[in-house]
Amino acid sequence: MSPEPLPSFDDDPCVGRTVLTESQLAERITELGRELTEAYRGERPLLVCVLRGAYAFLTDLSRCIDLPLEIDFIAVSSYGASTRTSGVVRLVKDLDVDLTGRHVVLVEDIVDTGLTLRYLRRSLEARNPASLEVCTLLARESADLEGLGVRYVGFTIPGEFVIGYGLDVDERYRNMRHIAVYDDPAV
Ligand code: 5GP
């Protein structure tokens with residue numbers, strides 16, 4: 001039996017210029033996994049995945065970390081179904097695990113304005129973890145990463161809205177294997 005063909009977005013006019021290929025993603029995520037493995041040697045870190053955008057990153061990153069670890073999921077919403085932030089962050093799903101005394105790594109898809117991260121940091125720090133670090137796959141060039149305390153960054157990218165590898169528009173494109181610019185037909 002021949003394998004099923006992989007999802008293809010080749011003919012979709014909204015899928016614009018490639019920003020990061022599948023192999024660029026894999027290579028950088030392997031490096032981040034090595035860094036985290038060194039940083040948390042002797043510990044059992046808890047990776048907190050910010051749903052839904054970070055699910056693909058969490059899946060690949062966790063498999064590049066050579067340590068016993070745990071994962072949990074938190075979901076927030078700030079975009080609704082549009083490509084512009086609503087400016088209000090809402091907790092949609094909370095964690096199941098108690099953070100007290102845990103070494104927590106918050107795994108994000110993209111830090112844009114930093115609004116989501118500020119909200120999450122406040123919420124998680126209040127639960128007394130032993131440590132809290134942030135690992136984001138993408139960050140805008142404009143984001144104040146130092147001010148936001150972001151320690152691990154996959155790639156910095158310019159201002160264009162991007163899709164793929166977990167990142168969506170109205171729940172589409174999350175299963176695209178690379179990251180591309182979204183060519184909005186309404187613009
Ligand atoms: P912030 O709160 O930092 O402005 O935005 C963070 C969240 O906005 C991300 O977790 C992500 O869900 C969404 N977001 C920001 N920029 C993009 C983008 O270029 N593409 C997609 N699909 N989502 C984005």
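Couplings for the range 162-177, taken from phi via the Karplus curve 6.51 cos²θ - 1.76 cosθ + 1.60 with θ = phi - 60°, read 10, 9, x, 6, x, 8, 10, 10, 6, 6, 9, 6, 4, 8, 7, 7 Hz in order; Gly and Pro are left as x.
What the Cβ-Cβ distance of GLU4 and GLU146 gives, at R0 = 35 Å and to the nearest 0.05, is a FRET efficiency of 0.20.
Considering only beta bridges that DSSP places wholly inside the chain, some 30 percent are antiparallel. In the complete set of protein chains, residue-level accessible area for GLU141 is approximately 130 Å², probe 1.4 angstrom. A Cα-only calculation for the chain places Rg and Dmax at 16.6, 53 Å. Sequentially through the range 63-68, phi angles give Karplus couplings (6.51, -1.76, 1.60; θ = phi - 60°) of 7, 9, 9, 9, 8, x Hz, Gly and Pro residues having no value and appearing as x.
Against the longest alpha carbon principal axis of the chain, how many degrees, from 0 to 90 and to the nearest 10, is the axis of helix 22-39 turned? It is inclined by approximately 0 degrees. Apply the a/c threshold of 1.5 to the C-alpha gyration tensor of the range 74-164 and tell me whether it is rounded, prolate or oblate. Oblate, since a/c reaches 1.5 and b/c is not below a/b. Dividing the Cα radius of gyration of the range 117-166 by its Kirkwood radius returns 1.02 for Rg/Rh.
The orientation-averaged projection of the convex hull spanning the C-alpha atoms of the range 5-100 amounts to 9.0 square nanometres.
One decimal place: the segment GLU22-ARG90 gains 21.4 nm when fully extended, by the rule 0.36 nm per residue minus the C-alpha distance.
Only Cα pairs under 8 Å and 6+ residues apart enter the sum, and on that basis the relative contact order of the chain stands at 25 percent.
A full extension of the chain between ASP12 and THR37 corresponds to an added length of 5.2 nm, given 0.36 nm per residue minus the alpha carbon distance. Once backbone amide H atoms are built at 1.01 Å from N, PHE73 has CYS49, ASP96 as its partners under 5 Å, excluding neighbours fewer than 5 places away on the same chain. Taking a spot 7 Å from the Cα of PHE155 along the direction of its beta carbon, which residues of the range 4-22 have an amide N less than 11 Å from it? Within reach of a label on PHE155, which here means backbone N under 11 Å from a point 7 Å along Cα→Cβ, the range 4-22 contributes 18-22.
The values are calculated or read from the model by the stated rules, or taken from the named source; none is laboratory data. In this text, all values refer to a predicted model and were calculated from it rather than measured experimentally. Quick reminder, even Gly has a Cβ in these numbers, built from the backbone with ideal geometry, and neighbours come from all protein chains shown. Each accessible area value is taken on the protein alone, full model and side chains, heavy atoms only, with ligands, DNA and RNA left out. Shrake-Rupley method; radii C 1.70, N 1.55, O 1.52, S 1.80 Å.
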